[in-house]
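For reference, the structure discussed in these notes is given below.
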Amino acid sequence: MLEFTMTTTASPEEVARFTAMAEAWWDPDGKFKPLHRFNPVRLAFMRRELAAHFGRDPQAMRPFEGLTLLDVGCGGGLLSEPLARMGFNVTGIDAGDRNIAIASIHAEQSGVPVTYRLGGPEDAPPASFDVVMAMEVIEHVPDPDRFIALAAAALKPGGAFLGATLNRTLKSFALAKVGAEYLLQWLPKGTHDWKKFVRPSEFAAMLRKAGVQTRCFNGLDYSLLTDSWSETRSLDVNYLLFAVKETT
């Protein structure tokens, strides 16, 4: 059984903000509605890139049987559960105790085997996971460089890293901050600090310092006309990345 220590890279203010909304994690029309809406696109990206990297059949029901995955900042488990259904042995960690409680209860009720732990990447055993992911987390931590270094340390050589965040552009300020929080009211006001958004080049540089090489970026685009998300080549607002840890 993996042993976790308990220190923290998390921001107390950010933990408190998301913990206060914990009961809403699994409400598709609640405060985490945007995550529910673009989850299918994120999961399709993960399945495709991970299947190619590990030589698995992306069309299989459980293509990732036998592989371990660490979901850093798992929240209520919106990605942990579907990835466990794909066959991963999933461990989800989060700095919010109520998030972990909600995630654990939902997984038990759904019959999905996910192990949840209170903590951050600094609490994970080194070189223990085939996949480590940090989705929409890096923009909420006080020291992104340290956060990424610790997350990468939990990854086995040759393992895959998945990340997602918001680019720091004028377009992201207009759409992801002003639009999402104030005009469309998708998110509670104050959810994001635009100054903490991370440019793709910055994310890749942090990973590179930790011995992880970025292989691809893909953007996420929202259509107001169809009320749906899709992958795009533009990284101006939301983006995903796939990276691989060096073997030497």
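Values in this text are rule-based calculations from the coordinates and carry no lab data. Remember, it's a predicted structure, so these values are computed and weren't measured experimentally. Here the Cβ is made from the backbone with ideal geometry for all residues, glycine too, and neighbour counts use every protein chain on show.
Between segment 188-246 and segment 128-179, what is the separation of their alpha carbon centroids in Å?
8 Å
For a paramagnetic label modelled at 7 Å from the Cα of Thr232 toward its Cβ, which residues of segment 25-45 fall within the zone defined by backbone nitrogen distances under 20 Å?
Backbone N within reach: 33-45.
Going by amide H atoms built from the backbone, whose H comes under 5 Å of the H on Gly159, apart from near neighbours?
Long-range HN contacts for Gly159: Lys245.
Can you give me the relative contact order of segment 12-245 as a percent, contacts being Cα pairs under 8 Å and 6 or more apart? Working shown, then result.
Numbers: 456 pairs, mean separation 41.0, N = 234.
That works out to 18 percent.
If packing is taken as the average number of other Cβ atoms within 10 Å across a peptide's residues, how do 200-207, 227-234, 64-71 rank, most packed first?
Ranked from most to least packed, the peptides come out as 64-71, 200-207, 227-234.
Would you calculate the separation in nanometres between label points at Leu118 and Ala52, each defined as 7 Å from the Cα along the Cα-to-beta-carbon direction?
Going from the Leu118 label point to the Ala52 one covers 4.1 nm.
Please find the FRET efficiency linking Arg215 to Gln59, where r is the Cβ-Cβ separation and R0 is fixed at 25 Å, and quote it to the nearest 0.05.
0.70
Please compute the length gained on full extension between Asp97 and Leu43, using 0.36 nm multiplied by the number of residues separating them and subtracting their Cα-Cα distance.
Result for the pair: 16.9 nm of gain on full extension.
Quick one: if the Förster radius is 30 Å, what FRET efficiency do Asp27 and Asp145 give, using the C-beta to C-beta distance and rounding to 0.05?
Working from the Cβ atoms, E equals 0.30.
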